[in-house]
Amino acid sequence: MAVHALAVLSRSGEGHPSAYLAVSVNTHAVFLRRILGDLVAAGLVSAREGRAGGYRLARPASAITLDAVYRAVNPDGPIAPSPAEPNASCAVGAGMSSAFAEVAEEARRGLLATLATHTIEDVALRALEIGRRGQAKRRAAGST
């Protein structure tokens, strides 16, 4: 949802209110505002108060990488450890937290490395390309 909202914002220099973004994302504006709050806190989006308020990108879409977005909305990483405390008297349980943490960290590094190679501008342009192609196909199918 965060990437989607940022991609919509990238198409407008003036920005949009959360209700407008929520329609595109297809979610409730209140829920989306929580995500937008994380993006504001991360310095990726700026918020304007008041009647003409809304959100806009804090920097160019080409300068916002997806790893920055991911970190803003998923600070705990892609894989959460079990909430249950392993039994330290079991040989497997005694080492499970550390062993799992190693794997989770490796996964986090790989995910962030891949996301760092893509920007909001990249995703927005690709979404527009695919979306326009799909709309053209639907129009053509409807006219036959």
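Would you check if there is a residue in segment 26-45 being charged (D, E, K, R) and in a loop (DSSP other than H, G, I, E, B)? The answer is no, given that none of the residues of segment 26-45 is charged (D, E, K, R) and in a loop (DSSP other than H, G, I, E, B). Taking every residue in segment 20-37 that is farther than 14 Å from Tyr55 by Cα and pairing it with any residue that is of a type in the set (S, T, N, Q) and in a helix (DSSP H, G or I), at least 6 positions away or on another chain, yields no pair with a Cβ-Cβ distance below 8 Å.
If you go through segment 43-76 and keep only what is under 16 Å from Arg109 (Cα atoms) and either among the basic types (Lys, Arg) or in contact with a Gly (Cβ under 8 Å, 6 or more places away or on another chain) (or both), you end up with just Arg71. Could you list, ordered by first residue, the pairs with Cβ atoms under 8 Å in which the first is in segment 127-144 and within 17 Å of Arg11 (Cβ to Cβ) and without any contact (Cβ under 8 Å) to a residue 60 or more places away in the chain and the second is among the aliphatic types (A, V, I, L, M) and in a helix (DSSP H, G or I), at least 6 apart or interchain? Sorted first by the residue in segment 127-144, then by its partner, the list stays empty. If you go through segment 67-98 and keep only what is among the aliphatic types (A, V, I, L, M), more than 28 Å from the chain's Cα centre (by Cα) and not in a loop (DSSP other than H, G, I, E, B), you end up with Ala91, Val92, Ala94, Met96.
Run Gly50 past the list (1) assigned by TED's automatic domain parsing to the domain that holds Val3; (2) within 22 Å of Val3 (Cβ to Cβ) and report the number of the one that doesn't hold. Tallying (1) assigned by TED's automatic domain parsing to the domain that holds Val3; (2) within 22 Å of Val3 (Cβ to Cβ), Gly50 fails exactly one: (2). Based on this model, can you work out whether Glu121 counts as under 19 Å from Asn74 (Cβ atoms) and not hydrophobic (A, V, I, L, M, F, W, C)? Here the answer is no, as Glu121 does not meet what is asked. Annotation: Ile130 fulfils all but one of (1) in the same structural domain as Pro60 (by TED's automatic domain parsing); (2) among the β-branched types (Val, Ile, Thr); (3) farther than 24 Å from Ser62 by Cα; (4) at pLDDT 90 or above; the unmet one is (3).
Of the residues making up segment 46-66, those that are part of a loop (DSSP other than H, G, I, E, B) and in contact with a helix residue (DSSP H, G or I) (Cβ under 7 Å, 6 or more places away or on another chain) number 1.
Can you find a residue in segment 39-57 that is touching a residue at least 60 places away in the same chain (Cβ under 8 Å) and either hydrophobic (A, V, I, L, M, F, W, C) or surrounded by fewer than 11 Cβ atoms within 10 Å (Cβ to Cβ) (or both)? Within segment 39-57, one or more residues are touching a residue at least 60 places away in the same chain (Cβ under 8 Å) and either hydrophobic (A, V, I, L, M, F, W, C) or surrounded by fewer than 11 Cβ atoms within 10 Å (Cβ to Cβ) (or both). Glu14 meets all of the listed conditions (1) closer than 25 Å to Leu128 by Cβ; (2) in the same structural domain as Ile130 (by TED's automatic domain parsing); (3) surrounded by 11 or more Cβ atoms within 10 Å (Cβ to Cβ) but one, namely (3).
The values are calculated or read from the model by the stated rules, or taken from the named source; none is laboratory data. The structure presented is a predicted model; accordingly, all values stated were derived computationally and were not measured. Backbone-built Cβ (ideal geometry, glycine too); neighbour counts: all protein chains shown.
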